[in-house]
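Participant: The structure follows.
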Amino acid sequence: MKHGFRVLDSDLHTMEPDGLWEQYLDEPFKKFAPRFTRHAEGAPNQPVISVGNVEIAEMSKRARTAVVGKSLQERAFARHPHYALAHSRGYDAETHLQAMDIEGIDVAVIYGTRGRQVLMHDDLDPQVASALARAHNNWTRDFCAIDPGRLKFAAQLAFHDIPGAIAEAKRAVRELGAVAVIGNPNPINGRHIHDPAFEPLWSAVEELGVPVGFHPTGQSSLRDDIARRYLDTPNGRVIGVAGRNPIELMMAFGSMAAGGVLERHPGLRCAFLEGTCGWLPWYLWRLDEAWEKFGPGSEIQISQLPSQYFFRQCYIATDSDEKPLRQVVEAIGDDNIVVSTDYPHSDGLFPVAIEEFTRLEGVSEKTKAKILWDNCARLYKL
């Protein structure tokens, strides 16, 4: 509880230990356990990740962008002693619960950090990618077992391997208790999420009754990532980060709505996380306008405007200190907005994320209560 509000965090993260995959990978995949390299100029929490011959983490491989992450982590650790405690204990479940108590979070839905990062490269072998996802989900289930009433989780899927992703979605939800699956908003090997190849996966997730939480990653290792174009430019991390998360989520929503996925799967719920929400009213208008002009001649037809699918099936996360939230609520209402703190990532606002949200001006107490709990409980069916 925080100032009388129940709080359900839509997107809190684990910071997984390096040895996760050595312990949890099945044979014959243990030889592909990710290896983590930390350079002196970079942040300890932002290593370079190697999976076989694939090297992931473009921001951490370059000294000019790695040092930016190190500065950010140092400033985060200076804000509160709990960061150093959690780091010293490997960000275990106990320190996560302590962090939730400090923030005033009652329940959190866990999204992995390393789990997403290790899959963010086009050149992973599909079977290896699926094995990495399975191992991660087994570890996360064990992580949440310390207090399953407060710690829920979204399951990692490998979009490189659609049959494997379907099998893992079913296993993670039915056997491990996952309350969502994680969607990668970027195309992998040129295949967007409204590609016909994904249809069996969307059918399976719709049948399972859990949402897809689309969540970008900060690695910029996929070939089609908006931040890649700024990697070797001055202040490239600032420019890339500011653009990547909202733009990748905008394109993902465009695929799901204007690409016909939500038309074909009316029971599928989607959340668009860690990309702010201020862009949404304009982009809904823009997609509708584009559909009215270009939709009638397009090969796939939908029966509603793209914006209508958002209101029917989608949710978006606001940052805790997002001042434009008041304008978003005025434009689209407050039924489809959730909140996330992003703990323990250094660009989050711990320990005052929820405090900042409760102090937002121009947002009613009723709306804050809906965003802090009611909408998120409806999204995840908690």
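Each value in this text was obtained by applying a stated rule to the coordinates, not by laboratory testing. Only a predicted model underlies this, so the values are computations on that prediction, with no experimental measurement involved. A quick note on method: Cβ atoms are made from the backbone with ideal geometry, for glycine too, and the neighbour counts reach across all protein chains shown.
Participant: Lys/Arg Cβ at +1, Asp/Glu Cβ at -1, dipole of region 1-101 taken about the Cα centre: which of Ala86, Ala66, Met1 is farthest positive-ward?
Facilitator: Positive-most Cα among the choices belongs to Ala66.
Participant: For a quick check of your reading of the filter: which GluC sites (Glu not before Pro) in region 279-330 sit in a DSSP loop and have no more than 15 other Cβ atoms within 10 Å?
Facilitator: Here the GluC sites (Glu not before Pro) that fit, given the DSSP loop and packing criteria, are Glu299.
Participant: Now for a separate question. What ranking, highest mean first, results for peptides 129-141, 307-319 when packing means the other Cβ atoms within 10 Å averaged over each residue?
Facilitator: 129-141, 307-319
Participant: Once region 88-209 is represented by equal point scatterers at the alpha-carbon sites, with solvent omitted, what log10 I(q)/I(0) does the Debye formula produce at q = 0.09, 0.15, 0.19 Å⁻¹?
Facilitator: For the requested q values the scattering log ratios are -0.26, -0.69, -1.01.
Participant: Same structure, new question: Show me the ranking of peptides 182-192, 19-29, 210-220, 335-345 by mean Cβ neighbours inside 10 Å, starting with the highest.
Facilitator: Answer by packing, highest mean first, reads 210-220, 335-345, 182-192, 19-29.
Participant: Give the shape of region 280-326 as rounded, prolate or oblate, defined through the alpha-carbon gyration tensor: a ≥ b ≥ c are the square roots of its eigenvalues, a/c under 1.5 means rounded, and otherwise the shape is prolate if a/b is larger than b/c and oblate if not.
Facilitator: prolate
Participant: Of the listed peptides 149-155, 8-14, 173-179, what is their order by residue-averaged count of other C-beta atoms within 10 Å, with the highest listed first?
Facilitator: Ranking, from highest mean packing down: 8-14, 149-155, 173-179.
Participant: Under the Kirkwood approximation for Rh and a Cα-based Rg, what ratio Rg/Rh is obtained for region 151-207?
Facilitator: Ratio value, two decimals: 0.96.
Participant: Decide, for region 1-96, between rounded, prolate and oblate: order the square roots of the alpha carbon gyration tensor eigenvalues as a ≥ b ≥ c, take rounded if a/c falls under 1.5, and otherwise choose prolate if a/b is larger than b/c, else oblate.
Facilitator: Oblate is the answer for region 1-96, as a/c is 1.5 or above yet b/c matches or exceeds a/b.
Participant: Report the residue, chosen from Val352, Val107, Val118, that carries the largest GNM mean-square fluctuation when the chain is represented by alpha-carbon nodes joined by springs under 10 Å.
Facilitator: Looking only at Val352, Val107, Val118, the biggest GNM fluctuation is shown by Val352.
Participant: What percentages, rounded to whole numbers, describe P(r) for the chain computed over all alpha carbon pairs with 10 Å bin width beginning at zero?
Facilitator: The calculated distribution, bin by bin, is 5, 24, 36, 27, 8, 1.
Participant: Which residue, Pro163, Val339, Pro200, has the largest displacement toward the positive end of the dipole of the chain when charges sit on each Cβ (Lys, Arg +1; Asp, Glu -1)?
Facilitator: Val339
Participant: Next question, about the same structure. Compute the relative contact order of the chain as a whole-number percentage, counting only Cα pairs closer than 8 Å that sit 6 or more residues apart in sequence.
Facilitator: 19 percent
Participant: Grab the eigenvalues of the alpha-carbon gyration tensor for region 222-280, scale each by 5, take roots, and send me the semi-axes largest first in whole angstrom.
Facilitator: Equivalent ellipsoid semi-axes, largest first: 28, 12, 7 Å.
Participant: Under a plain spin-label model, where a point goes 7 Å from the Cα along Cα-to-Cβ, how far apart in nm are Asp321 and Trp282?
Facilitator: A separation of 2.2 nm, rounded to one decimal place.
Participant: Residues in region 110-129 near a label at Gln23, defined as backbone nitrogen under 17 Å from the 7 Å Cα→Cβ point?
Facilitator: Under cut-off, by backbone N: 112-115.
Participant: I've got another one for you. So what's the convex hull volume per residue for the Cα atoms of region 186-317, in Å³?
Facilitator: 116 Å³
Participant: Applying 1/(1 + (r/R0)^6) with R0 = 41 Å to the Cβ-Cβ distance of Arg79 and Arg264, what FRET efficiency is obtained, to the nearest 0.05?
Facilitator: That pair, Arg79 with Arg264, gives E of 0.35.
Participant: Something else now. To make sure I understand the rule: partners must be lysines, Cα under 20 Å from the Cα of Lys368, and not fewer than 8 residues away in the same chain. Which ones qualify?
Facilitator: In chain and number order, the partners are Lys2, Lys323, Lys381.
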